[in-house]
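Reviewing the structure listed below.
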Amino acid sequence: MTTAAAVRLPGMDHVFTLPGVYAPQYDTYLLAEALRREAVGPGADVLDVGTGSGALALYAARLGARVTATDISWRAVLTARLNALLARRRIAVHRGDLLEPVRGRSFDIVLSNPPYVPTPPGSLPRNGAARSWDAGPDGRAFVDRICDTAPSLLRPHGRLLLVHSALCGTEATLERLSAAGLWAEVTDRMSVPFGPVVRSRLSWLRSRGLLGVDDEQEELVVVRAERI
């Protein structure tokens, strides 16, 4: 089990974020650590889906990869482009819904830190900061779409690295990716204190059985899936 304090990688703390853009947090660092082990280097094509601040895209670029990033938020796109400019890294940042901007392309590695927090019933937000984390009653509104569509973007032996909370169902992710023809496993786990979003809906999460009354931490997982 990785501890919350254990994951810090050089160059990931110095990114600028516009208001409403998801800033690097525990899940960002956990996914970066998983990426570090993938032997990314010159010639590798990496896609960062839902890039937010662009921190993960920048980290992949520092490892030598050719990087493409997507986000549906114009603020996130502008933030990621600005951070790439400040870091003097070439990253192609496109605005669009998840993988739509890169339909028809293929990559060696697809990264994603999508919205995954279970959300009380109602329509998903179309703007504002909550769009970075609200993901429907089971937290899988975006995770499932990535599981279903990312395999078509992977080259032979390409890898998907996906981070999310155990609250939205780790086994469901593994099963969905396996059904899509990928070999999937959990490679990283981290227990972290509840953030403000989870704390704000503790009663609802407990009423649904997603958290126990004595739970004080949330587990994050990285799922690695490979196209064989």
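The values are calculated or read from the model by the stated rules, or taken from the named source; none is laboratory data. All values reported here derive from a predicted model rather than from experimental measurement. Glycine gets a Cβ as well: all are built from the backbone with ideal geometry, and neighbour counts include every protein chain shown.
The single condition among (1) assigned to a loop (DSSP other than H, G, I, E, B); (2) in contact (Cβ under 8 Å) with a residue 24 or more places away in the chain that Ala39 does not meet is (2).
Restrict the check to segment 153-172 and report whether at least one residue is buried (at least 23 other Cβ atoms within 10 Å of the Cβ) and over 15 Å from Val222 (Cα atoms). Within segment 153-172 (the criterion being buried (at least 23 other Cβ atoms within 10 Å of the Cβ) and over 15 Å from Val222 (Cα atoms)), the answer is no, since none of the residues qualifies.
Any residue that is modelled with pLDDT of 95 or more, closer than 23 Å to Val197 by Cβ and among the small types (Gly, Ala, Ser) - is there at least one of those in segment 76-84? Yes - at least one qualifying residue is present in segment 76-84.
Every residue, every condition in (1) farther than 19 Å from Asp27 by Cα; (2) in contact (Cβ under 8 Å) with a residue 40 or more places away in the chain, yes or no:
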| position | (1), (2) |
| --- | --- |
| Ala141 | no, no |
| Ser152 | yes, no |
| Cys168 | no, yes |
| Leu182 | yes, yes |
| Leu202 | yes, no |
| Leu205 | yes, yes |
| Arg224 | no, yes |
| Ile228 | yes, yes |
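Scanning segment 90-128 for residues that are in contact with a strand residue (DSSP E or B) (Cβ under 7 Å, 6 or more places away or on another chain), closer than 25 Å to Pro42 by Cα and either β-branched (Val, Ile, Thr) or free of Cβ contacts under 8 Å to residues at least 24 places away in the same chain (or both) gives Ile91, Val93, Val102, Ile109, Val110. Quick check: anything in segment 177-197 farther than 27 Å from Ala39 by Cβ and surrounded by 22 or more Cβ atoms within 10 Å (Cβ to Cβ)? There is no residue in segment 177-197 that is farther than 27 Å from Ala39 by Cβ and surrounded by 22 or more Cβ atoms within 10 Å (Cβ to Cβ). The set of residues in segment 32-61 being more than 14 Å from the chain's Cα centre (by Cα), over 26 Å from Gly104 (Cβ atoms) and surrounded by 17 or more Cβ atoms within 10 Å (Cβ to Cβ) is empty.
Does Arg189 count as outside any strand (DSSP E or B) and within 16 Å of the chain's Cα centre (by Cα)? Against the criterion (outside any strand (DSSP E or B) and within 16 Å of the chain's Cα centre (by Cα)), Arg189 does not qualify. If we scan segment 6-25, do we find a residue that is at pLDDT 90 or above and acidic (Asp, Glu)? No, segment 6-25 contains no residue that is at pLDDT 90 or above and acidic (Asp, Glu).
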